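A.B. asks: This structure is in structure tokens; I'll ask about it shortly.
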Amino acid sequence: MDKWRAACYTQDMQLRIFQLILLLVLLPGGAVQAAQERATNAEVESIYEQARAMLEDRSIQNVESVPLLLETCVRELHPDANRLLMDVFEGKFKGLPATPEQANRLAQGLSETDRLDELGMEHQELRTEAMFRLALYLEKGYGGPADKAEACRWMQKAASRGLPQARAEYARYLMLGTGTRPDSRQAWEILHTLATRHPDTPNLFFYMGHMCLQGIGMPRNSRKAFELFRMGARMNDARCLNNLGSMFEKGYPAPRNPESAYKLYRMAANLGNREASANMQRLAFKEGIRASSRSSTPVRKRIDNATLHLIHALPVTEETRERLRYWLLMDYESRN
């Protein structure tokens, strides 16, 4: 089946190239250059769509050619192809192992390319996202040596360009003193402004709640932390759900309610939070609590999360973990 699909893609590409040549031959000289530019853009878009379709179609297992297809589009500065290729290099797709060095290299190249700012809003947003990813790579030592000071510099640049998620993470750097001098007051101001303008920013309410709970730059206020974690829980923030569950389990500042704690732990575990998964199992054993109803999480998502928990503990490479996860999911689909 894969060979047949690959043959179809090849034939389609050959047809498009033939049409391009025919178009260039028939058009008068003055219109040739403009037509060539339009055809080239259409060709790049077609290659990108084919690569994306191959990644999304679970019936296609051989996707080794996808990075090469995307790199063809990347050379033409196709914004979505650059994003997708960074995802591929991070190992987010089936059958393609993570290549941190290439992810780091691509993000650095995009971050340093001033020309992107001259090509319009879409390319400016691509560069900002690349800066954000590069900062996280440098912070974690992903694909190269860890450099927290450099990570902070790039995160600050991405934040100054208006990316809400970068602003939240830059606030975290200021809160913890990651690569910079701690400044809890500025961190809180950034987070408070985001809560007003972009309340759906990932990690926002978790960071605010953490500052209140730990008394970072302010007196400890567990009740305010509880409210902030509850706001984050409404946004499906797994760490907010886990912390909220802990507060219900301990009975502070909310009344003790093991059943509510179990439900919150379970919701966070279904979102992939390993700490919540351990808390749920511990609480179930301690209190004798069991789920009273079936999970509303789709079966595929539950299998995906469960296998991630199990496979993550195995002493194998990331490539092997990804293959195990993919094989288990394909086996489930073949039997159902």
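Every number in this text was worked out from the coordinates using simple rules, so none of it is lab data. Note that the structure is a prediction, hence the values are computed from the model and not measured. All Cβ positions, even for glycine, are placed from backbone atoms using ideal geometry, and neighbour counts span all protein chains on display.
A.B. asks: Note down the nm distance, to one decimal, between modelled labels 7 Å out along Cα→Cβ at Gln281 and at Lys250.
C.D. replies: Between Gln281 and Lys250, the simple spin-label model gives 2.3 nm.
A.B. asks: Measure off 7 Å from each Cα along the Cα-to-Cβ vector at Thr113 and Asn62, then give the distance between these two points in nanometres to one decimal.
C.D. replies: 3.1
A.B. asks: When N counts the residues of the range 76-154, how does its alpha-carbon radius of gyration compare numerically with 2.2 N^0.38 Å, as a ratio? Spell out each step's value before the answer.
C.D. replies: Numbers: Rg = 12.3 Å, N = 79, 2.2 N^0.38 = 11.6 Å.
Here the Cα radius of gyration is 1.07 times the empirical estimate.
A.B. asks: Fewest to most neighbouring Cβ within 10 Å: what's the order for Ile216, Ile47?
C.D. replies: Details: Ile216 16, Ile47 22.
Going from sparsest to densest Cβ surroundings: Ile216, Ile47.
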